[in-house]
1. In straight Cα distance, which lysines are under 22 Å from Lys170, not counting same-chain residues fewer than 8 positions off?
2. Let me know the shape class of region 151-230, please: from the alpha-carbon gyration tensor, a ≥ b ≥ c as square roots of the eigenvalues, rounded when a/c is under 1.5, otherwise prolate if a/b is greater than b/c, or oblate.
3. Under a Cβ-Cβ cut-off of 13 Å, what is the net charge of the residues other than Glu105 that fall near it, where Lys and Arg count +1 and Asp and Glu count -1?
4. Ignoring everything except DSSP H segments at least 4 long, calculate the 222 nm mean residue ellipticity for the chain; use -39,500 (n - 2.57) per segment, divide by total residues, nearest 500.
5. Under the classification rounded if a/c is under 1.5, otherwise prolate if a/b is larger than b/c and oblate if not, where does region 14-165 fall, given a ≥ b ≥ c as square roots of the Cα gyration tensor eigenvalues?
6. Using only Cα atoms, locate the centre of region 1-38 and the centre of region 125-142, then give the distance between them in Å, rounded to an integer.
7. Per residue of region 205-215, what does 6.51 cos²θ - 1.76 cosθ + 1.60 with θ = phi - 60° give for ³J(HN,Hα)? Whole Hz please, x for Gly and Pro, Karplus curve as stated.
8. HN-Hα J couplings of region 145-160 from phi, Karplus 6.51/-1.76/1.60, θ = phi - 60°, integer Hz, Gly and Pro as x?
Amino acid sequence: MIALVTGAYRGLGLETVKQLAELNYTVILTGRNDEKGEAAAELFRVSGKEVYYHHLDVNLDSDIEKLRYFIEDKFGVLDVLVNNAGIHYDTGNDVTNPDWNIVQEATNTNFLAPWKLTVAIIPLIKKSSRGRIVNVSSGAGSLQDMTPGSPAYSASKAAMNVLTIQLAAKLKSDSVKVNAVCPGWVRTDMGGLNATRSVEEGARGIVWAAALENDGPTGGFFRDGKPINW
C-alpha cells in the first residue's frame, strides 16, 4: 500500500508517516525543506521502513506535477493521500479588520492547494482497490461549533470540509473514501506547548481514516474515529 503525506517532515505529518510505516505502508513524505525532509525519510529507512522523500511546495503547480509523475513512474498507483500541510492559526486576526495577506495565504495553502493536489492525484487513487483521501481539518472549521477568532484558518478549514463532502460524493462510485479528520488541539509548532494532545494521539485519527476497511464511512468529519459536527 502506497501513501502520500503532505507537510510531513515534522509534527503531526511526521507522526502520521511513522504510524503508517508501522502498518507497513510505503510512504512518500513531502515538504519544502529538502534537507529536513530527506533526513526524516532516512531515519525511517535505517529502521527498515520504506519511506521516500519528495520535494513539494503545495502552492506550486509545477511541484504538484513533478510529484504526480514521480508516483506514476515509480508505483503506478496511490492508495492513500493525506492532505496535512497547513498554515496560519491566526488567533491575532480580527474578522472585522483582517490581515488580508494572512487570509489569502491560508486560503491558498489550506484549501486551494489540497484541492489542486487531489485533482492531480485522483487518477492514481482510482487505480487502487482501496483508495483513501484524508483531509486534515479542524474543529475550528465546524460551522455548528464555530466561535469568533482565527478567521482565516477557520474559513479555510470550513472550505476544506466542503471539498471533503463533494469529493466523497463524486468518488463514491469509484470506491474511493474521502473523510475529514480533526486531530484535536495537538502539541505542534502551530498548536503550541499548552495543547492538550500529543502528536501520537492526533495522528491516530488520521491513520484510522487512511486505513479504513472497505465497509468504512465516507463523506464524514471525525475525531478519534468518531463523528463530529460539520
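1. Of all the lysines, those that pass the test against Lys170 - Cα under 22 Å, at least 8 places apart if same chain - are Lys116, Lys126, Lys127, Lys157.
2. oblate
3. Once all neighbours under 13 Å are counted, the net charge is -3.
4. -13000 deg cm²/dmol
5. Verdict is prolate for region 14-165.
6. 15 Å
7. With the stated coefficients, region 205-215 comes to x, 5, 5, 4, 6, 5, 9, 3, 6, 5, 9 Hz.
8. 9, 5, 10, x, x, 6, x, 5, 4, 4, 5, 5, 6, 5, 5, 4
The values are calculated or read from the model by the stated rules, or taken from the named source; none is laboratory data. Remember, it's a predicted structure, so these values are computed and weren't measured experimentally. Note that we place each Cβ from the backbone using ideal geometry, even for glycine, and neighbour counts take in every protein chain shown. What goes into the accessible areas is simple: the full protein's heavy atoms, side chains included, and nothing from ligands, DNA or RNA. Shrake-Rupley method; radii C 1.70, N 1.55, O 1.52, S 1.80 Å.
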